[in-house]
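Some notes on the structure that comes next.
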Amino acid sequence: MDLATAPKLTEKGRGAARQIEEQTDDICLRLPRIVVRDVSTLPPYDFTPTLNSLAEWLAPVLGSLAPEQHEQFWGLFDNLLAVWEHIPHVIGGQRYPGDARREMLVKTINSRLGTYQAQGIVGKVVLPSGRYLKPWTRNLDLESYKKQFEYLMSQVSDKEWRQRDLQMQRRNRVRGHLKVIQMWRHFDELGDEPDMPNASAITCLNGSCTCIS
C-alpha cells in the first residue's frame, strides 16, 4: 500500500471511512485464512485491550467520588486486580512483571482523573444510570467481577472464539495501517509534514511492518 493508492483524507466523512473499510475488507479477503486447531499452541493471550477498557470504565467512578473516598476506591480496585494474579501480563507478545499491569491501569485512571481535576469536576462526575450502579461500590463488586472474569477465560479457551478474535485483530491492524498511509497522503498533497510519527507508523510508511500478513 503506498501514497498513490491510499484513500484520501480530504474525502470527508462517511465516504472516506467507507473507503477505508472497503479496502480493509479487500485486503483481508486476499490474506490466508486463519485457522486455530489447538488453543494450547497459541501464545498467551494479550488482555491489554480488556484491561484498558476496565480502567476507562472505572475512571468516571473515581471522578464521581470525594477525595476522602479515593482510598476506599483503590482498595476495591486492588481486590479486582488480584483476580489476574495467575494470568501472564502480555503486551504485544512480550511478557511483563505482574506489577506492571497495575501500573498501566493506575496510569490510565489517574490520567482521566487529572482531566477531571483540570475541569474542576472531581467529585461531581455524573455516572450514567444505564452503565453504572448505585451505590458506587457495586461497580467494583468482586463476586460480579469474578463471574465476568470466568466467562472471559472460557472464551479465551475456546478454539472458535480465538479464531474469530485473531481475525478481528488482523483486521484492526490492516485498518490502522491504511489510516497511517491515508494521513501521510493527505499531508503529502498539502506539501506539509505531520508531527514525527511513532515507531509503528514509521514501519508502515517504509514497508517494513507486518500489518498486512
Sparse-neighbourhood loop hits (GluC sites (Glu not before Pro), the range 60-150; DSSP loop; Cβ within 10 Å at most 16 others) -> Glu85
Once all protein chains are kept in place, Met183 shows an accessible area at probe 1.4 Å, nearest 10 Å², of 80 Å²
Those trypsin sites (Lys or Arg not before Pro) from the range 99-134 that are DSSP loop and have at most 16 other Cβ neighbours within 10 Å turn out to be Lys124, Arg131
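With N set to the number of residues, divide the alpha-carbon radius of gyration of the range 10-74 by 2.2 N^0.38 Å and report two decimals. Working shown, then result.
On the way: Rg = 20.9 Å, N = 65, 2.2 N^0.38 = 10.7 Å.
Taking N as the residue count of the range 10-74, the ratio is 1.94.
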Counting all Cα-Cα pairs in the range 60-119, those more than 13 Å apart amount in percent to 67 percent
For the Ser40, Tyr132 Cβ pair and Förster radius 41 Å, calculated FRET efficiency rounded to 0.05 is 0.60
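The values are calculated or read from the model by the stated rules, or taken from the named source; none is laboratory data. Computed from a predicted model, the values in this text were never measured in an experiment. All Cβ positions, even for glycine, are placed from backbone atoms using ideal geometry, and neighbour counts span all protein chains on display. Heavy atoms of the whole protein, side chains included, go into the accessibility calculation; ligands, DNA and RNA do not. Shrake-Rupley method; radii C 1.70, N 1.55, O 1.52, S 1.80 Å.
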